[in-house]
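All of the numbers you see were taken from the coordinates with simple rules; none came from a lab. This one's a predicted model, so the numbers in the text were calculated from it and none came from an experiment. Positions of Cβ are generated from backbone atoms using ideal geometry, with glycine treated the same way; all protein chains shown enter the neighbour counts.
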């Protein structure tokens, strides 16, 4: 299956990129301290808000082009790409100017500086995001993987060095270089003609297709951004800095899973839908990865949960108050991963509007609970649990809708979702049991973290074996060429 082959290519780049970004993030946390990182994370929420200003056009490119390719309409695909490119270049310039102007209203000089730096980051990021979508839509996964590696190398060297010498200013300049240099690389590898005028009919078509999907993605991702924003407003930058560990866990999920797998599933699934026009044939491209993720991710998440405290205490002692929240946040990776593979099918099925309404209801409810948790002082771990629950609610709605669109009845849909969630629930139970047994039987064991991790993996292994015997998806990934 070419899907698994391409996923291996892009995931390899994403993994290396994530390793570099992760190491840089850990070192930067130690270099600048919780308060500075809290200021930067608070202002970087603007990067998330910029998604709305694109009106879904970059997303629309990622959705429209694979379908046109499947229909053998390559020239029309190029016209859509050219129209989107001009629009997003101008949007980046307008956004950057607006945020820079708004910085003069900030009274705190730290926030004023951060806003001006973010203005440049967002200006560069708009055409960069377009070229990334175009790269994935054309299935140029080797180029996309190299772009990620280039970006992460620049991010590691520039951000870490500049942050060490210049603090907040260094963070911003490093972020600018981390967007600009990959943009130049993609610009050289993906030549796109920039038209002299707007192609309004095609832009409107991309907005109608991409904006609902962009809103659906933004609502799904909003949980962690909302938590950061509420913490910054209610609790201040230091507590927000402690919560940065949790945000870091979720950012990793975005890089490795949503980029390494989600960007591969989307063009394959949509091109197949454009070719065959069948929901059932397209559904295979999300169902197989979803099943693989459902039983392969929980043991990795559980092991990381046990090993995380020792690493934080050793390398980031200033962030010890955020350990429990980060451990809880790790489990959200499961739902983020499933969302990344089912989202494109929701678009192909024309059910974005339905899912968006449900997602907004879940997200608003989750945000209200987050605010209540912060005001009550219940703790960062409880806040992380609310974030995980919000992701779970949205992902469940997407999976349910997808199965129903394939013609499955309620009982079949419940069975499918339950089979996906069963390993997650078992892993939670096994993790709790392993922690209890090691704590009760060997509380003074020198390598308690390793012992509880090993016990967890041993107890979970029968379920992993049972699922792999049934679906053979790990073997399919290994054999993919």
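If you plug the beta carbon distance of residue 320 and residue 450 into 1/(1 + (r/R0)^6) with R0 = 22 Å, you get a FRET efficiency near 0.65. With a simple spin-label model that places each label point 7 Å from the Cα along the Cα-to-Cβ direction, the separation between residue 469 and residue 307 comes to 2.8 nm. The helix-only estimate of mean residue ellipticity at 222 nm for the chain, built from DSSP H runs of length n ≥ 4 each weighted as -39500 (n - 2.57), is -29500 deg cm²/dmol after division by the residue total. One chain, two ends: residue 89 and residue 49. Fully extended at 0.36 nm per residue, the span grows by 12.7 nm beyond their Cα-Cα distance.
Applying 0.36 nm per residue to the separation of residue 284 and residue 375 and subtracting their alpha-carbon distance, the gain on full extension is 28.3 nm. In nm, to one decimal, how far is the residue 194 label point from the residue 440 one, both placed 7 Å along Cα→Cβ? With each label point 7 Å from Cα toward Cβ, the separation is 6.7 nm. Once C-alpha pairs closer than 8 Å and six or more residues apart are averaged by separation and normalised to the residue number of the chain, the relative contact order reads 21 percent. Apply the a/c threshold of 1.5 to the C-alpha gyration tensor of the range 2-479 and tell me whether it is rounded, prolate or oblate. Oblate, because a/c is 1.5 or more while a/b does not exceed b/c.
Extending 7 Å from Cα along the Cβ direction at residue 476 and again at residue 78 yields two label points whose distance is 3.5 nm.
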